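S.K.: To start, I am sharing the structure in question, which I have written as structure tokens.
Just so you know, all these numbers are worked out from the coordinates, no wet-lab data involved. Given the structure is predicted, the values throughout are model-derived calculations rather than measurements. Methodologically, a virtual Cβ is constructed for each residue, glycine included, from the backbone with ideal geometry; neighbour enumeration extends over all protein chains shown.
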Amino acid sequence: MTFLSGAVNVCGAGLVHDPSFPSNHKTMYQLISSPVVNNPPPSYVIKLLHSSNKPLYVPVNGQRSTPSKPTDTKEDMLELFQSDVTGQPREHRKLMGRRNYVAIVAYDPDVINTMYGHTIAGQGSGKLNLAVDFMVQGDGTFGTVVKYGPVIVPSLEPGK
């Protein structure tokens, strides 16, 4: 399952998963974007969202979370934004507080890997991966758009 969320005026990507089984079918990706016309939040909001250095573990269904007994489900945000659109290094790398949008392409990895993009009828596994690029606007009304990514959301199989 993949969540596409928005209207938070930032962009980023994360996943809820079991770190010991990274390709498990229970892995859920979250893609965060916002309408390109919305103004980003103040920098202190981005800093607040990055302030937790502890991993967040999701408790077992029906159970209370206890810090001393973590579960096997973890929420992680990806550090996509190593540098700003200006090229300067960033302190907060998980969320970008700028106008942005995402471009998502679904593709069959078997077709891409074997035919280098040339599709022949009847080939491929029928499984689709997603390639997600975050398009982030630079400073000013008509600032240059910078691409971050791609984030690859793989096709996950039950029981793996």
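S.K.: So how much slack lies between T141 and L4, counting 0.36 nm per residue of separation and subtracting their Cα-Cα distance, in nm?
M.R.: This chain segment gains 46.7 nm when fully extended.
S.K.: Let me ask something else. How would you rank 82-93, 135-146, 10-21, highest first, on the average number of other Cβ atoms within 10 Å across their residues?
M.R.: Final packing ranking: 10-21, 135-146, 82-93.
S.K.: Return the distance in nm (one decimal) between the two label points of a simple spin-label model at V37 and E91, each offset 7 Å from Cα along Cα→Cβ.
M.R.: So the two model labels end up 3.4 nm from each other.
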